[in-house]
Amino acid sequence: MQSDIDGYTGEVGYAEYFHRGTAPAWLHFVASGLGRSAPDPSRPYRWCELGCGPGLGAALLAAANPHASFHAVDFNPEHISVGRSWACSAGLSNLSFQQSSFSDLAQMAAGQSEPYDYIVLTGVYAWVSPANQQAIRTFIQRFLAPGGLVYLSYPCFPGMAEMVPVRNLLYEYAQAAQGSASQRAATALAQVRALGHAGAAHLAKYPDLLKALDQLDGRDPAYLLHDLLSEHWQVQHVGQVVRGWESSSCCWLGSAQPADNIDAIALPAQTEVLLADLSVPALRESAKAFASNQTLRHDIYQQVARAARLTSSAHRQALLRQRLHALPMPHDQATDDRAVAAIAQPYFHPVRQALARGAIGYEQCAASSAYAADPGKLNAAFQLLVGSGVAHPLLELAPDPRPAQSLNLALCQAALKGRPIQWLAAPALGSALNTSLAQMAAWMALHEKGSVSATAPIADRAWKAWRRFSATLPVHPTALFTDALANFESEVLPIWLRLGVVSDQRP
Ligand SMILES: C[S@@+](CC[C@H](N)C(=O)[O-])C[C@H]1O[C@@H](n2cnc3c(N)ncnc32)[C@H](O)[C@@H]1O
């Protein structure tokens, strides 16, 4: 068992997640929408994740982008070993893992590694000490390539302000409790909830917080330990983060959540005009966070050396190259209600009708009578379609689908044995798709048959595939599978085939 490092738990491993904003294809699409250049995700590039957890995200991206090179770092040896086992079981030669702390990374001299075009961190920046934050920025300053992008997500003020006393009390209870880290986390949660239900005034004032704590009951304590109980957990002031990164040669480029970049959607209507003239990023982003009571940031930074805006003609060319593909079901954690509401408006009807046929291109849409009058507005529409989770940008060059088949096989096998995994690699997107357990059983049935056109109903075949892996079976499996896979062959499978989630091309 790994001991804690700088107050961050080493005792309990993190859950396996994928975050769509960590994919270069996604970051490049958002940057292009904002009129900025970014490393081309269809060509070879180098990507690095700091604090990678058990490495599922890195493995999905490596499998979906065999033309690029992926490197993932974490201090926890258990995480590194799980990550390496994904790379090994799928034969991913473009993925490496490194067991290092952030302070180890900060000591690497320039030249000890090739620079990275993309560096991503999810959550961890707000959970480590100021010294570790500085170590992260030092590494990035040294090893982010000119014009390279950083994805940085973190909890922020003012939306998270009411969480601060709750987390501080959780922390104190956990410190005082006995037992393993997980037991102490569970005790702390029980005690704070008990106070809440007994009428503690802070939780009475913010009843949604108490509901959120109730929902954590019985959930894997890893979430509490990693996301709330590290010693240095701190909600961040947006302006301070922006300035800190500016002093490390990175400028704020935009949000990886497309709706955040559209003031008419992100801000209360009457505040928009008051913020319109703010041009200093630290001030503007602080004011926007304040006006929208933001809780989480999903920021993109760019290495300053090549952070110029595209000329208007280069911007237009970049937009004209964009192509989106419909997704079979929205990404789970990514569903952005603002974008979902926006794309329900009549303006979106023609583009959504076109999307129902599979892929759409910006060029064709811009030439259509529905959108020819205002191509600039179409840019925002494309961003919102992607932000809402109904569509995803396609890579310009579809990669070899075989590594994704290898990883998807390993993922489906693990999921059918009971591991809570919910993503499959989609190489045409250079990313991963959210999926369900029944769909993973269907994937396995298609794979085992060696053909996507076998004749038995897919629900029966999926059920048989699941039965081969799982000792614990649902009570009414046939009904369960028939319902869960009712639209699979008409709505999901055709998209999976086009995106390379499932393919006849075997490794
Ligand atoms: C919350 S997890 C994020 C995992 C993964 N990126 C994800 O989103 O699923 C943060 C990770 O940072 C790692 N970490 C925390 N402090 C660290 C440090 N000082 N050096 C290296 N890794 C660290 C932890 O082990 C943990 O796996």
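What residues of region 93-112 lie in the reach of a label at Ser3, counting those whose backbone N is under 16 Å from a point 7 Å from the Cα along Cα→Cβ?
In region 93-112, the label zone of Ser3 (backbone N under 16 Å from the point 7 Å along Cα→Cβ) covers 101.
Which percent of the accessible heavy-atom area of region 2-129 goes to carbon and sulfur, probe 1.4 angstrom?
Working: 1910 of 3910 Å².
The nonpolar share, carbon plus sulfur, comes to 49 percent.
Label-point separation (nm) for Gln270 and Leu296, each offset 7 Å from Cα along Cα-to-Cβ?
3.1 nm
Would you please put 283-295, 48-60, 67-79 in order of how densely packed they are, using the mean number of other Cβ atoms within 10 angstrom per residue and starting with the highest? Please list the in-between numbers first.
Values: 283-295: 18.5, 48-60: 26.6, 67-79: 22.2.
Taking the mean over residues of other Cβ atoms within 10 Å, the ranking is 48-60, 67-79, 283-295.
For the chain, compute Rh as the Kirkwood radius over C-alpha pairs and then the Stokes-Einstein diffusion coefficient at 37 °C and 0.692 mPa s; write the answer in µm²/s, rounded to an integer. It would help to have the intermediate numbers written out before the result.
Values: Rh = 24.0 Å.
Estimated via Stokes-Einstein, D reaches 137 µm²/s.
Only helical DSSP H runs with n ≥ 4 go in: add -39500 (n - 2.57) per run for the chain, normalise by residue count and round the 222 nm mean residue ellipticity to 500 deg cm²/dmol.
Values: 24 runs with 231 residues, N = 507.
It comes out at -13000 deg cm²/dmol, rounded to the nearest 500.
Mind listing the long-range amide H neighbours of Ala398? Cut-off is under 5 Å, sequence gap 5 or more, other chains count too, H placed in the peptide plane at 1.01 Å from N.
For Ala398, no residues qualify.
So between His197 and Ala479, what do we pick up on full extension, going 0.36 nm a residue minus the alpha carbon distance?
Details: separation 282, 0.36 × 282 = 101.52 nm, distance 3.90 nm.
97.6 nm is the gain from fully extending His197 to Ala479.
Kirkwood hydrodynamic radius of region 321-390 from all distinct Cα pairs, in Å?
Final number for the Kirkwood radius of region 321-390 is 12.2 Å.
Which whole-number percent gives the relative contact order of region 270-426, counting Cα pairs below 8 Å spaced six or more residues apart? Please list the in-between numbers first.
Working: 115 pairs, mean separation 40.3, N = 157.
Answer for region 270-426 is 26 percent.
Percent relative contact order of the chain, based on C-alpha pairs within less than 8 angstrom and at least six residues apart?
Working: 912 pairs, mean separation 90.1, N = 507.
Rounded, it is 18 percent for the chain.
Would you please give the FRET efficiency between Arg321 and Ala204, computed as 1/(1 + (r/R0)^6) with r the Cβ-Cβ distance and R0 = 56 Å, to the nearest 0.05? Display every interim value, and only then the final one.
Values: r = 54 Å, r/R0 = 0.96.
After rounding to 0.05, the efficiency reads 0.55.
With contacts defined as alpha carbon pairs under 8 Å and 6 or more residues apart, what's the relative contact order of region 321-390 in percent?
Values: 70 pairs, mean separation 40.1, N = 70.
It rounds to 57 percent for region 321-390.
With point charges of +1 on the Cβ of Lys and Arg and -1 on the Cβ of Asp and Glu, referenced to the Cα centre of region 402-499, which listed residue (Pro494, Ala462, Ala484) lies farthest in the positive direction of the dipole?
Ala462
The values are calculated or read from the model by the stated rules, or taken from the named source; none is laboratory data. No experiment lies behind these values; they were computed from the predicted model shown. So basically every Cβ, Gly included, is an ideal-geometry build from the backbone, and we count neighbours across all protein chains shown. When the accessible area is computed, the model is the full protein with side chains, heavy atoms only, and any ligands, DNA or RNA have been set aside. Shrake-Rupley method; radii C 1.70, N 1.55, O 1.52, S 1.80 Å.
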